[in-house]
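I have placed the structure first, in the form of structure tokens, so that the comments after it can refer back to it.
The values are calculated or read from the model by the stated rules, or taken from the named source; none is laboratory data. Keep in mind that what you see is a predicted model, and the values were worked out from it rather than measured. Note that each Cβ is placed from the backbone with ideal geometry, even for glycine, and that neighbours are counted across all protein chains shown. Note: accessible area is taken over every heavy atom of the protein model, side chains too, but ligands, DNA and RNA are not part of it. Shrake-Rupley method; radii C 1.70, N 1.55, O 1.52, S 1.80 Å.
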Amino acid sequence: MSAVALSCARTSLTRYGRSAGLWILLLVAPVAARFMIAGRGAHNSVISVSGQVPWLTSPVLGMELGVVIATLLLPLAFIYLRSNITRRQPWQVEEPSPGSRIAIAYGRWLADLALLAGVLAATTVAGVFLAMLMMPLREVDPLWITLTLWAIAAPPLAMVASLRILFDARRWTRGALGEVLFFVFWMGSLVLVMAGDHAQGYAAAMADLDGFMSPLAHGLHGDSNFTIGGGEITAGAPAIHLDVIGGVLNDGYLAARLTWLAIAALVPLAAGLVHLPHVVGKTRKTPGWLKFLEPGAAKPADPKAREARPGALPWLTLLACEIRLIASGRLTRLAMLAVAIAGWFLPYAKATGPAAMLLLVFAATAHAGRTEQGGLLALTRTGFLSPWARRIAFVAAGTLLALAMSGAGIGHALMAGDTAPLIQALAMGAGTSLAAITLAALTRGATTPRLVLLIAWYFYLSWGGGP
Amino acid sequence: MTDTSPTLRLEGVTRRYGRKVVLDGISHSFTKGLTLLTGPSGAGKSTLLRLIATAEKPTAGRLHWNGEPLPAARSALRRELGYAPQAVELPMELTAREFGLHMAALKGLRANEADAQFRLLLEGVGLAADANGRIATYSGGMRRRLIFAQALLGAPRLLALDEPTAELDSESRERIHALINRAAQSAIVIMTTHLSDGVAAAATAVLRVEAGALTPARAGLAA
């Protein structure tokens, strides 16, 4: 078993090491940290308390770096692991091998863990460098920067590595459902900790997977008027002293962080146990009451059919084709129709607009991921209309579908002299389609655009059409 | 004296995909030697190989390896299996040698012996000079030969080969046929093919997969 795990870890790390994406990932956290850590005279900060910036000490800097990683960088880390080259494994020959699935899962998990530990190490080095720039040298304590940063960020990063292994083990979660579940996990962990009562102790620290609330709450002494991420700083307000060391060494905090690491370490075991092999064809029967969603029988070929001639309006044909392919499948078309009809009865900004965007996210990213595969691109490059023409048609088709789903809401609003839903639908359709095709073209798949757009959708939903 | 020749028996094996029945109650015994599977595209040859390679489970019926039924004998079968499917998502960033060593580890082979054997196999399929080249730089034919070479690692007693010589030039085909014929002297080799040249003469059985059934395509062969 150990030889199998070692081989999987070694080959995965070799593959990571030979991809340019690794070096980008290693740079992201330090660069993000540079722009998010507030120095003296800053107007906003990662953490602000009642408009005051925390007094910058080594533990505070470590905590702020930990906040950056445990909040903003978790989805990036998941996207990287999920859409990276090592996701494409030779499963056709690995699954019938005698190698243990548990060993394979642990090998890959260890490689992912090592990679994410590399991200943390790079951020630690950057943190020490930042401290030397922003603080008096005698106050720079690399040990406390390292301890607070790793105590906060290591468990959620380990969980990201574990979830990617777990989601790769089951057929359903290998696709879009895996991205949705991660999104729910990520948002859930943030919401849970922000909505908590900021108590201290092991149980409270266990509810804080992202790990920054317990040390922060310890230093706040009951003041809950704080902001995470871009908090405004009141001009002239004195810096506030936060006792981060006390929070980290507080009763149960480090034990809870170790417990989370232990949970993360057990997930690959579960992944190996529940692993289902890939299948080539469809194995399940569609239940009778869902038969209407299945594609109907193909029309018989017409022996008198003429040879196809070039269309008079190739651009228009391409646009119609893109609309058909984005809205492919009866289920998608029925859902789009339902959203369009619901627009007569429900408010656009808070209900049908977000519903239309969610549908467009899934439909557009699936089609974009399919069409941006290397082999297909090479083929379409030889066609009359270039891949760029198809990409432009894709954005136009996505925008038109957004407008079609929003038609009723737009009509209602226009009759009342309100153009906002029209502008929102245009921006949502064009923005979603453009982001889907751009990210799919860059990453050659649907995973990255889907997760990024799901996060964007959440912000759109939370915004609810603005004030 | 005990007969140690490997045996593989299919007993009423059926495979359905949704409503489509691809293989319908197939029964057959495979013994040492080369068996060719022929038949039209989409008839179920690759499906049958995936079932034999334990990459899929039958919807009904069962397989027996050396007299023991699967799934109890699955691990034993996998330890003696070499499988070369038509397409593999090869790890493009690895070299051929690194990929071979990884597959050897999965098969539980000793690293130093596997390294030596894989060098020989790469030489056998004409890839020795490119052993340290990344797979991403390989042509389609070179990748197919690499997939075939990894199947032979560890001297398997059951070889399931899905069109291993498709898209290959005649020299490469001859090299692979020679390796197949050598392996067939001690192992069950089951190979799908559309071609009738090269290995056909050496085959101990030629079977046709069509309309869900498996029938002898050459007189005198018992199904």
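I'd like to check something: does region A:114-130 contain any residue that is of a type outside the set (A, V, I, L, M) and more than 27 Å from the chain's Cα centre (by Cα)? Checked region A:114-130: at least one residue is of a type outside the set (A, V, I, L, M) and more than 27 Å from the chain's Cα centre (by Cα). Given the criteria over 19 Å from A:Leu61 (Cβ atoms), assigned to a helix (DSSP H, G or I) and not assigned by TED's automatic domain parsing to the domain that holds A:Thr365, does A:Val160 qualify? For A:Val160, the condition - over 19 Å from A:Leu61 (Cβ atoms), assigned to a helix (DSSP H, G or I) and not assigned by TED's automatic domain parsing to the domain that holds A:Thr365 - is met. In region A:56-82, the residues that are closer than 14 Å to A:Ser189 by Cα form Cβ pairs under 9 Å with partners that are among the small types (Gly, Ala, Ser) and open to solvent by 10 Å² or more (accessible area, probe 1.4 Å), at six or more places apart or across chains, as follows: A:Val67/A:Gly229; A:Ile69/A:Ala32; A:Ala70/A:Ser189; A:Thr71/A:Gly229; A:Leu72/A:Ala32; A:Leu72/A:Gly229; A:Leu73/A:Ala32; A:Leu74/A:Ser189. Filtered by the rule that a residue be at pLDDT below 70 and within 24 Å of B:Gly42 (Cβ to Cβ), region A:269-290 gives A:Gly281, A:Lys282, A:Thr283, A:Arg284, A:Lys285, A:Thr286.
For the residues A:Leu147, A:Leu130, the requirement of being within 19 Å of A:Phe212 (Cβ to Cβ), open to solvent by 10 Å² or more (accessible area, probe 1.4 Å) and either more than 14 Å from chain B (Cβ to nearest Cβ) or not aromatic (Phe, Trp, Tyr) (or both) singles out A:Leu147. For region A:13-29, residues that are polar (S, T, N, Q) and outside any loop (DSSP other than H, G, I, E, B) total 1.
In region A:433-444 there is no residue that is more than 26 Å from the chain's Cα centre (by Cα) and either in a helix (DSSP H, G or I) or polar (S, T, N, Q) (or both). Checking A:Phe362, A:Phe394 one by one, the residue that is touching a His at 6+ places or on another chain (Cβ under 9 Å) and surrounded by 15 or more Cβ atoms within 10 Å (Cβ to Cβ) is A:Phe394 and no other. Please pick out the residue among A:Arg138, A:Arg171, A:Arg164, A:Arg101 that is within 14 Å of chain B (Cβ to nearest Cβ) and either modelled with pLDDT of 90 or more or more than 26 Å from A:Ala270 (Cα to Cα) (or both). Testing whether each residue is within 14 Å of chain B (Cβ to nearest Cβ) and either modelled with pLDDT of 90 or more or more than 26 Å from A:Ala270 (Cα to Cα) (or both) leaves just A:Arg101. Considering B:Arg79, B:Arg134, B:Arg62, B:Arg110, the condition of being more than 14 Å from chain A (Cβ to nearest Cβ) and surrounded by fewer than 17 Cβ atoms within 10 Å (Cβ to Cβ) is satisfied by B:Arg62 alone. When the residues of region B:14-57 are filtered to those that are part of a loop (DSSP other than H, G, I, E, B) and open to solvent by 40 Å² or more (accessible area, probe 1.4 Å), the one that is nearest to the other protein chains (Cβ to nearest Cβ) is B:Arg19.
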